[in-house]
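**Student:** Below you will find the structure I want to go over with you.
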Amino acid sequence: MQETSAGIAVCEKGDIFISERTGVHFSPFQPSSIVESNFAVQNSSVCSHYALANLYGRSTGVVPRKIKPPACTWQKSSPLSALTQARATQSIVLSNTMSTPEKQAPKADNDAEEAAAANGVDDNHEEAAEILTDLVQNQMSISSGDATQIAEAQTTALQQLLQQGGASASKQQAVQALLDAAMKGDASVQQQLMGQVSGEKKQHAFWDTQPMLNSDDKKDKSIKANSNNATTQPDPNWHKPIVPDKEKEDLRQEPYNMPKGFEWCEVDITDDDQRTEIYDLLYQNYVEDDDGCFRFDYSRDFLTWALTPPGYLKQFHLGVRSSKSNRLMALITAVPAKVRVYGEEKDMAEVNFLCVHRKLRSKRLAPVLIKEITRRVNHTGVFQAVYTAGVKLPGSVASCRYYHRTLEARKLVEIGFTRLAPRMTMARMQKLYKLPAEPNTKGLRPMTPEDVPAAHKLVVKYLEKFQLAVVFSEDEFAHWLLPRKGVVSSFVRMDADGVITDFCSYYHLHSSVLGNPKHNTLNAAYSFYNVAKTVSLTALMKDCLILAKNEGMDVFNALNLMENDDFLEELKFGMGDGNLQYYVYNWFCPTMQHNDVGLVLL
């Protein structure tokens, strides 16, 4: 949790946020835990991109800084209840899922269960260390009244954590000392002790067994990359698989075991009925904010677009059905892509749409889904994958931040997505974000199939400057970037000689507005791929904002990857406080900076 001059957010109805630069408040999505955990979680949601994601930015692109609303209450249901209320940011750890004593998870897969048991990790201690760190950091510079409130929350959390047990003796001592310091209000001592409480390496029962950068199960420590984004010393083992490729006969031949009453299936996205099943599963169980006001709404056309690029395979659209009812209960998908990591081009899988039905989140299905999709991808001769997540897992190669730009201020206020800050009127807010009616760049028009060869050449050449980037074939470029109504929009500018010189694009990802008498949908645009040659990138993206607004978008979101830093501040994008981590599965390479990334995943 980050602080502002106004304090930090702890509230009964979820967090309220303020953009310090504009004074406009935001209330973004907060997907919570993937499982029915033993602390107070009202709206569990499962995430996408292979493993997991705390999709603040993925949901709305809006993760501004938090301020302190009126009052807070603690729910005393576990050692983490107070901590969870205090931070209100749920880390989703698929491999370390928790279940209540009444709902112990059945054996979904022996390997996954044994790994979790051998690790002996306590999720509550993991989460506690993170949240306690936030509490101490924010207590350092807030008002006395706010400090008292945070100290009470911290004291309650520490007492519950200490009573729970399960930590090492040294950590128990550090927690007790930190508790004493909290009661005395000695912030400097708390800061010193926090390192002892949170300094032990966070464990991931599943991911620490996978071939990722910095995973503990790698015997040869010399081949690990630096976990900081400052890897500078060359290593002879860079740019190689962490685990060597295997022959097909050496791979596991049989699917992983499902719990009794469930079975694997392949879902046909081209079939109307099965596409509707996917839509319903995602709509009811994917991403929703904690207050139940907004729900991610992937359209059927969007799902078709996302899952049917050239070369897609039906066996990569993997589902789990109830043996009794045949109902689709879980999903994970992968699509083929050629990705360049530094100088190496590799065939990979982009993994997405990991979703488990709310009622099954205690059954530890997620690690089994991940292992089975990996097995299927391996059988096609592909041993690397790329995915993103909103939380830090082993092996992140880059970290990007979401930014947001308000387009329809009045609507965002009316639906509770944003609110007026003190001394901010609706008229002033609308004036702040006002855009011209038409683009300024002459000749900017929607891309057509005839433009594909030249636009493909322009974009592919531009992406060569980045260390992690997709390598589009012409057919793939046409699939992903040709305009589709309500799905993706792209625009080109052609010079007098018929050469395409500039290109911009965004995709549409909307959310349902729940319980609002006036509005049903929040329309969001996400920056995709943009190349500016004859105009500045800022000028081109201003036109892109205008075009998005003219298409009915309410908010425009962008990551600070590629060269996006050039336009974010000038075009009044607000910075979020959540990062999107990029991962490359089974590939050893140096970490990189956010502006080295040239890959946008849906």
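Taken together, the values in this text are just the output of simple stated rules run on the coordinates, not laboratory data. Every value quoted in this text rests on a predicted model; they were computed, and no experiment measured them. We place every Cβ from the backbone using ideal geometry, glycine too, and count neighbours over all the protein chains shown.
**Student:** If Lys and Arg each add +1 and Asp and Glu each add -1, what is the summed charge of the other residues whose beta carbon sits under 10 Å from the beta carbon of LYS346? Show your work: numbers first, answer last.
**Tutor:** Numbers: positive: LYS338, ARG340; negative: GLU344, GLU345, ASP347.
Net of charged neighbours comes to -1.
**Student:** What length, rounded to one decimal in nm, is gained on full extension from THR538 through to ASP566, with 0.36 nm per residue of separation minus their alpha-carbon distance?
**Tutor:** Details: separation 28, 0.36 × 28 = 10.08 nm, distance 0.67 nm.
Contour length minus Cα-Cα distance gives 9.4 nm.
**Student:** Under the rule a/c < 1.5 gives rounded, and otherwise a/b versus b/c splits prolate from oblate, where does the stretch 327-369 land using the Cα gyration tensor? Write out the running numbers ahead of the final one.
**Tutor:** Values: a/c = 4.83, a/b = 2.98, b/c = 1.62.
Taking the square roots of the gyration eigenvalues as a ≥ b ≥ c, the stretch 327-369 is prolate.
**Student:** Just from the alpha-carbon atoms, what are the Rg and Dmax of the stretch 377-431 in angstroms?
**Tutor:** For the stretch 377-431, the Cα-based Rg and Dmax read 20.5, 61 Å.
**Student:** Using only the Cα atoms of the stretch 331-464, build the gyration tensor, take square roots of its eigenvalues as a ≥ b ≥ c, and label the shape rounded, prolate or oblate: rounded if a/c is under 1.5, else prolate if a/b is larger than b/c, else oblate.
**Tutor:** Working: a/c = 2.63, a/b = 1.36, b/c = 1.94.
The shape class here is oblate.
**Student:** Determine the sum of side-chain charges near LEU435: Lys and Arg each +1, Asp and Glu each -1, restricted to other residues whose C-beta is under 12 angstrom from that of LEU435.
**Tutor:** Details: positive: ARG405, LYS431, LYS434, LYS542, LYS549, LYS572; negative: GLU408, GLU438, ASP543.
Once positives and negatives cancel, what remains is +3.
**Student:** I've got another one for you. If you average the C-alpha positions of the stretch 461-535 and of the stretch 251-316 separately, how far apart do those two centres end up, in angstrom?
**Tutor:** 23 Å
**Student:** Tell me, what is the Rg over Rh of the stretch 502-602, with Rh the Kirkwood radius over Cα pairs?
**Tutor:** Ratio of gyration radius to Kirkwood radius for the stretch 502-602: 1.02.
**Student:** Taking a spot 7 Å from the Cα of GLN253 along the direction of its beta carbon, which residues of the stretch 370-389 have an amide N less than 20 Å from it?
**Tutor:** Label zone hits: 372-382.
**Student:** By the gyration tensor of its Cα atoms, with a ≥ b ≥ c the square roots of the eigenvalues, what is the shape of the stretch 548-592: rounded for a/c under 1.5, prolate for a/b over b/c, or oblate? Intermediate results must be reported in sequence, preceding the final value.
**Tutor:** On the way: a/c = 2.77, a/b = 2.11, b/c = 1.31.
Prolate, since a/c reaches 1.5 and a/b exceeds b/c.
**Student:** Could you sort out which of LYS434/LYS485; LYS248/LYS359; LYS371/LYS485; LYS338/LYS363; LYS314/LYS411 sit more than 30 Å apart by Cα distance in this structure?
**Tutor:** On the way: LYS434/LYS485 25 Å; LYS248/LYS359 36 Å; LYS371/LYS485 35 Å; LYS338/LYS363 34 Å; LYS314/LYS411 40 Å.
Long pairs (Cα-Cα over 30 Å): LYS248/LYS359; LYS371/LYS485; LYS338/LYS363; LYS314/LYS411.
**Student:** For the stretch 437-543, which trypsin sites (Lys or Arg not before Pro) are both in a DSSP coil and crowded by at most 12 other Cβ atoms within 10 Å?
**Tutor:** On the way: sites: LYS442, LYS457, LYS461, LYS465, ARG484, LYS485, ARG493, LYS518, LYS533, LYS542; in loops: LYS442, LYS465, LYS485, LYS518, LYS533.
Filter output for the stretch 437-543: LYS442, LYS465, LYS485, LYS518.
**Student:** What's the extension gain from ASP495 to GLU474 if we count 0.36 nm per residue and subtract their Cα-Cα distance? Don't jump to the answer; show the numbers that get you there.
**Tutor:** On the way: separation 21, 0.36 × 21 = 7.56 nm, distance 2.15 nm.
Extra length from ASP495 to GLU474 when fully extended: 5.4 nm.
**Student:** Let me ask you something else. Provide Rg and Dmax in Å for the stretch 228-344, with only Cα atoms included in the calculation.
**Tutor:** Taking only Cα atoms of the stretch 228-344, I get Rg and Dmax of 19.1, 56 Å.
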